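Asks: Sharing a structure below in structure tokens format, with a few things to ask.
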Amino acid sequence: MKVLDPRGFGLICAAVAIAVGVTVAGCANQVPGVANPNTSDLAAFKSDAVASSAAATSSRKAAAQTQAVNDNCDNFPTTTGVGVSKYNEFVDAHDANAPDYAAKRDSASTTLDDAAGKVENGVNNANGALPPNLQAQLTEYVAAAHQLAEETRKMTHTASVGPLNDASKRVNDARNAVRDSCPKR
């Protein structure tokens, strides 16, 4: 048997390495030009991203509006109903010339102002999320309730009831407008 000659083996390894190197170098030529994205794919991606962002924003706004409407409409009948009850007690005392007339007058005016304040706080806490028409109607109720509270405070047994009746009608109209705009429960 013949022994391998180290020089011959080294020569063969060197030849194989050169052949592999030349092959790899020949296949590694650069392609001239500038790498750019596919413009139609890029436009589609941007369009999808904008649509997705708009949908997410729209969804957040719709959820905030629903929450604001629920918060304000759910509390409105109870909050304003107390003012109506106290006002009606005052009117009964006024009509009957009752001895507790002044106390009921003061209680009614305070309760009407409190109700207006709570409704106003609800509108403010909504941070603009309420539909514009409902926000305007709630704001009108606030102004009307404050006006009725003021007219109630002015009442004496001899005062004209005209301004009081006008203010009362304004409150009733404002309450009805809000109730009509709120979702039915």
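The values are calculated or read from the model by the stated rules, or taken from the named source; none is laboratory data. Given the structure is predicted, the values throughout are model-derived calculations rather than measurements. A quick note on method: Cβ atoms are made from the backbone with ideal geometry, for glycine too, and the neighbour counts reach across all protein chains shown. Calculation scope for accessible area: heavy atoms of the full protein, side chains included, ligands and nucleic acids excluded. Shrake-Rupley method; radii C 1.70, N 1.55, O 1.52, S 1.80 Å.
Asks: Looking only at the stretch 135-185, count how many residues are over 18 Å from Val119 (Cβ atoms) and either under 29 Å from the mean Cα position of the chain (by Cα) or not charged (D, E, K, R) (or both).
Replies: Number satisfying all stated conditions: 12.
Asks: Right, another one. Restricting to the stretch 71-107, give me the number of residues that are closer than 24 Å to Ala136 by Cβ and without any contact (Cβ under 8 Å) to a residue 24 or more places away in the chain. It would help to see each step written out before you state the result.
Replies: Taking the stretch 71-107 first, the residues closer than 24 Å to Ala136 by Cβ are 71-84, 87.
With the extra rule that they be without any contact (Cβ under 8 Å) to a residue 24 or more places away in the chain, the set shrinks to 78, 81.
Final tally of qualifying residues: 2.
Asks: Out of Asn88, Asn36, which single residue is of a type in the set (S, T, N, Q), at pLDDT 80 or above and more than 25 Å from Asn125 (Cβ to Cβ)?
Replies: Details: Asn36 fails: at pLDDT 80 or above.
So the residue among Asn88, Asn36 that is of a type in the set (S, T, N, Q), at pLDDT 80 or above and more than 25 Å from Asn125 (Cβ to Cβ) is Asn88.
Asks: Follow-up. Has the stretch 123-130 got at least one residue that is more than 18 Å from Asn72 (Cβ to Cβ), open to solvent by 70 Å² or more (accessible area, probe 1.4 Å) and not β-branched (Val, Ile, Thr)?
Replies: no
Asks: Kindly establish whether Asp113 is within 20 Å of Ser85 (Cα to Cα), at pLDDT 95 or above, under 32 Å from the mean Cα position of the chain (by Cα) and surrounded by 14 or more Cβ atoms within 10 Å (Cβ to Cβ).
Replies: Working: within 20 Å of Ser85 (Cα to Cα): yes; at pLDDT 95 or above: yes; under 32 Å from the mean Cα position of the chain (by Cα): yes; surrounded by 14 or more Cβ atoms within 10 Å (Cβ to Cβ): yes.
So Asp113 fits the description; yes.
Asks: Considering only the stretch 68-85, state which residues are farther than 16 Å from Ala167 by Cα and of a type outside the set (Gly, Ala, Ser).
Replies: Scanning the stretch 68-85 gives Val69, Asn70, Asp71, Asn72, Cys73, Asp74, Asn75, Phe76, Pro77, Thr78, Thr79, Val82.
Listed here are the residues, each with its yes/no results for (1) more than 30 Å from Gln65 (Cα to Cα); (2) small (Gly, Ala, Ser).
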site	(1), (2)
Gly83	no, yes
Ala93	yes, yes
Arg105	yes, no
Asn121	no, no
Ala144	no, yes
His157	yes, no
Lys169	no, no
Asn172	no, no
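Asks: Here is a follow-up. If a residue must be within 10 Å of Thr152 (Cα to Cα) and aliphatic (A, V, I, L, M), how many such residues does the stretch 105-126 contain?
Replies: Of the residues in that region, 2 qualify.
Asks: Let me ask another. I'd like to know if the stretch 67-79 contains one or more residues that are open to solvent by 20 Å² or more (accessible area, probe 1.4 Å) and over 21 Å from Asp180 (Cβ atoms).
Replies: Checking the stretch 67-79: not a single residue is open to solvent by 20 Å² or more (accessible area, probe 1.4 Å) and over 21 Å from Asp180 (Cβ atoms).
Asks: If you don't mind, another one. Here's a check for you: in the stretch 86-103, which residue that is under 20 Å from Asp166 (Cα atoms) and open to solvent by 60 Å² or more (accessible area, probe 1.4 Å) is nearest to the chain's Cα centre (by Cα)?
Replies: Top of the filtered list is Lys86.
Yes or no, residue by residue, for (1) of a type in the set (S, T, N, Q); (2) surrounded by 12 or more Cβ atoms within 10 Å (Cβ to Cβ); (3) touching a helix residue (DSSP H, G or I) at 6+ places or on another chain (Cβ under 6 Å):
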position	(1), (2), (3)
Gln137	yes, yes, yes
Tyr141	no, yes, yes
His146	no, yes, yes
Glu151	no, yes, yes
Leu164	no, yes, yes
Ala167	no, yes, yes
Asn172	yes, yes, no
Val178	no, yes, yes
